[in-house]
Amino acid sequence: MKPTVHIIGAGVSGLAAAVRLSNAGFGVHVHEATPQAGGRCRSFYDAATDLTIDNGNHLVLSGNKHVLDYARSIGTEAGLEGPPHAQFNFVDLRAGKRWLLQMNDGRIPFWIFQDGKRVPDTKPSDYTAMAPLLWAKNDEFVGDKIECDGPLYQRLVQPLLLAALNIDPPLGSAGLAGAIVRQTLLAGGRACRPLIAREGLSNVLVEPAVKLLRDRGATVRFDHELHAVDIASDRVQSLTFGNDTIMLGPDDKVVLAVPARQAATILPGLKTPTQFVSILNAHFRCTPPADTPPILGVVNGLVEWIFPFRERLSITISAADRLMNAPREQLAQDIWKDVRAATGAQGELPRWQIVRERRATFAATPEQDALRPGTVTAWKNLVLAGDWTATGLPSTIEGSIQSGDKAADHIIGGG
Ligand SMILES: Cc1cc2nc3c(=O)[nH]c(=O)nc-3n(C[C@H](O)[C@H](O)[C@H](O)COP(=O)(O)OP(=O)(O)OC[C@H]3O[C@@H](n4cnc5c(N)ncnc54)[C@H](O)[C@@H]3O)c2cc1C
């Protein structure tokens, strides 16, 4: 009989680990502090818009292998929807200019040699100037490796890196930026098709995993917050929740898949990132104009990305700490103004909601990146998962699921 594994945290990292371990025949118990699974990647009913919305628009790419494999394993790969080729519409609100970036499918970037496919006002040599990011070291800044100026930077590199790193790019880790460029621009269009969970994050990436786990006999407990672990020498002996304590058997394992701050509280002395950056999303209840592209990048606006859904337009602003205390009504008006200019949506401010996730991601600086621990810990029966562990990627669903897979594989391999 395979050992039992307790997974603490039902974000996508914990769910990915749980599904993988359950597939391998382990007894799985998931313990989640809140009343719902998904963590920072979840849907909820919002009374202000009378819609079910996501806490944030989540973009993944067709080359995100771990996300796609996970979605396949829970039967929802088709729920990640996007165009057949890697195409990104952009609008520059200040210049009043629109363009369509069209990457060819293969790895050789023919598109950078074709006017009308690459970014306007750029030339092929601008793209090769990004190469230093590919061999950047982890302790280097983006701003030390590339020129953070000019049309290519402002119209492609800045939006891409700001979205991926969630920090003003020059201040970001060049090593993490290099990983993103390798997975996107360098991997070719086939790996860069933008994918969205159009029917909602919970429908596509969360609830089917919970159902699959329960159908297999795993337990998934909500409102079951881990408060402390009891450690004796090099092993976790017991897990203490609100009113109950679970004693671990000699072969039982623990996957701690909680955010960095909670992990550091549960395991004092654990080295984790300590700085976090917010993301702001706004949702407007309306019928998107028929020609709104599936994803629209906005340059020189307050808004950075616009996503159309069936009954709403949703926008993302990354590295949004400056907006955390801004008056909500004014913010909604300002954002709606950008949305109208970018999409041609008409009318006064419709029903809206603003979601500010204050600790959306760890700060992707070289200093914070150096604080990320690996999967294996000093405690023989406890491994870590989460987007903040040392995945080599910034805080992303891909990194998060990769970490859950790695934690599960360590246990499956007898660790
Ligand atoms: C607004 C926003 C937009 C984003 N956009 C993108 C995007 O476009 N693309 C992308 O790839 N990524 C994006 N991300 C990042 C992505 O959401 C995260 O990387 C990912 O969801 C993290 O998953 P996780 O499992 O590592 O952590 P979490 O989602 O934080 O999960 C941890 C879970 O542990 C639970 N927990 C905490 N403490 C305890 C405890 N003591 N006991 C039990 N349970 C506990 C929490 O409640 C939570 O459910 C975005 C994030 C946000 C917030």
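Return yes when K380 is of a type in the set (D, E, K, R) and away from the ligand (no atom under 14 Å from the Cβ) and no when it is not. Before the answer, list the steps.
Numbers: of a type in the set (D, E, K, R): yes; away from the ligand (no atom under 14 Å from the Cβ): yes.
Here the answer is yes, as K380 does meet what is asked.
When region 348-365 is examined, which residues are found to be polar (S, T, N, Q) and outside any loop (DSSP other than H, G, I, E, B)?
In the first step, residues of region 348-365 are kept if they are polar (S, T, N, Q); the result is 353, 361, 365.
Hits for region 348-365 are Q353, T361.
Looking at V12, is it surrounded by 15 or more Cβ atoms within 10 Å (Cβ to Cβ), near the ligand (Cβ under 6 Å from one of its atoms) and over 18 Å from R312 (Cα atoms)?
Working: surrounded by 15 or more Cβ atoms within 10 Å (Cβ to Cβ): yes; near the ligand (Cβ under 6 Å from one of its atoms): yes; over 18 Å from R312 (Cα atoms): yes.
Here the answer is yes, as V12 does meet what is asked.
Six or more apart or on different chains, Cβ under 9 Å: which pairs go from a residue in region 247-263 that's at positive phi to one that's charged (D, E, K, R) and part of a helix (DSSP H, G or I)? Could you list them?
none
So which residues in region 235-249 are within 22 Å of A378 (Cβ to Cβ) and not β-branched (V, I, T), if there are any at all?
Result: R235, Q237, S238, L239, M247, L248, G249.
Rundown of residues vs (1) within 14 Å of the ligand (Cβ to nearest atom); (2) surrounded by fewer than 20 Cβ atoms within 10 Å (Cβ to Cβ), yes/no style:
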position	(1), (2)
P208	no, yes
K211	no, yes
G217	no, yes
S233	no, yes
S238	no, yes
G242	yes, yes
V258	yes, no
T272	yes, no
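If you go through region 372-385, how many residues are crowded, with 16+ Cβ neighbours inside 10 Å and either part of a loop (DSSP other than H, G, I, E, B) or without any contact (Cβ under 8 Å) to a residue 40 or more places away in the chain (or both)? Explain how you work it out, then say what you get.
Within region 372-385, the first condition is being crowded, with 16+ Cβ neighbours inside 10 Å, and the residues that meet it are 372-373, 375, 377, 379, 381-385.
Then drop every residue that is not either part of a loop (DSSP other than H, G, I, E, B) or without any contact (Cβ under 8 Å) to a residue 40 or more places away in the chain (or both), which leaves 372-373, 375, 377, 379, 381, 385.
Within region 372-385, residues that are crowded, with 16+ Cβ neighbours inside 10 Å and either part of a loop (DSSP other than H, G, I, E, B) or without any contact (Cβ under 8 Å) to a residue 40 or more places away in the chain (or both) number 7.
With I315, I412 as the choices, which residue is within 21 Å of D46 (Cα to Cα) and of a type outside the set (S, T, Y)?
On the way: I412 fails: within 21 Å of D46 (Cα to Cα).
From the options I315, I412, the qualifying one is I315.
Restricting the search to region 84-141, which residues are of a type in the set (K, R) and within 16 Å of G297 (Cβ to Cβ)? First the steps, then the outcome.
Residues of region 84-141 of a type in the set (K, R): 94, 97-98, 107, 117-118, 123, 137.
Passing the criteria: R94, K97, R98, K117, R118.
Just to be sure before I move on: is I167 part of a loop (DSSP other than H, G, I, E, B) and in contact with a strand residue (DSSP E or B) (Cβ under 9 Å, 6 or more places away or on another chain) in the structure I sent?
It is true that I167 is part of a loop (DSSP other than H, G, I, E, B) and in contact with a strand residue (DSSP E or B) (Cβ under 9 Å, 6 or more places away or on another chain).
What number goes with the only condition from (1) more than 16 Å from the ligand (Cβ to nearest atom); (2) touching a Pro at 6+ places or on another chain (Cβ under 8 Å) that K137 does not pass?
Going through (1) more than 16 Å from the ligand (Cβ to nearest atom); (2) touching a Pro at 6+ places or on another chain (Cβ under 8 Å) one by one, K137 breaks only (2).
Condition check ((1) assigned to a helix (DSSP H, G or I); (2) hydroxyl-bearing (S, T, Y); (3) without any contact (Cβ under 8 Å) to a residue 12 or more places away in the chain; (4) within 16 Å of the ligand (Cβ to nearest atom)) across all residues:
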| residue | (1), (2), (3), (4) |
| --- | --- |
| P308 | no, no, no, yes |
| A326 | no, no, yes, no |
| A341 | yes, no, no, no |
| A390 | no, no, no, yes |
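Among (1) more than 27 Å from T292 (Cβ to Cβ); (2) more than 25 Å from the chain's Cα centre (by Cα); (3) among the small types (G, A, S), there is one condition A131 misses while meeting the rest; what is its number?
That leaves (2) as the condition not met.
Working carefully through the options S395, S400, find the one that is within 13 Å of the ligand (Cβ to nearest atom), closer than 14 Å to R40 by Cβ, in a helix (DSSP H, G or I) and touching a strand residue (DSSP E or B) at 6+ places or on another chain (Cβ under 9 Å).
On the way: S395 fails: in a helix (DSSP H, G or I).
On inspection, the qualifying residue turns out to be S400.
Is there any pair with a first residue in region 186-204 that is of a type in the set (S, T, N, Q) and a second that is in a helix (DSSP H, G or I) whose Cβ atoms are under 8 Å apart and which are 6 or more apart or on different chains, and what are they?
N203/G79
Could you tell me which residue of region 170-197 is nearest to the ligand (Cβ to nearest atom), considering only residues that are farther than 23 Å from S278 by Cα and not in a helix (DSSP H, G or I)? I'd like the intermediate steps shown before the answer.
Narrowing region 170-197 to residues farther than 23 Å from S278 by Cα: 182-193.
Now restrict to residues that are not in a helix (DSSP H, G or I): 184, 188, 192-193.
Values: T184: 12, G188: 19, C192: 14, R193: 14 Å.
Only one residue tops the list, namely T184.
Where a number appears in this text, it was derived from the coordinates with a stated rule and is not lab data. Keep in mind the model is a prediction, meaning the values are calculated, not measured. Cβ: placed from backbone, ideal geometry, glycine included. Neighbour counts: every protein chain shown.
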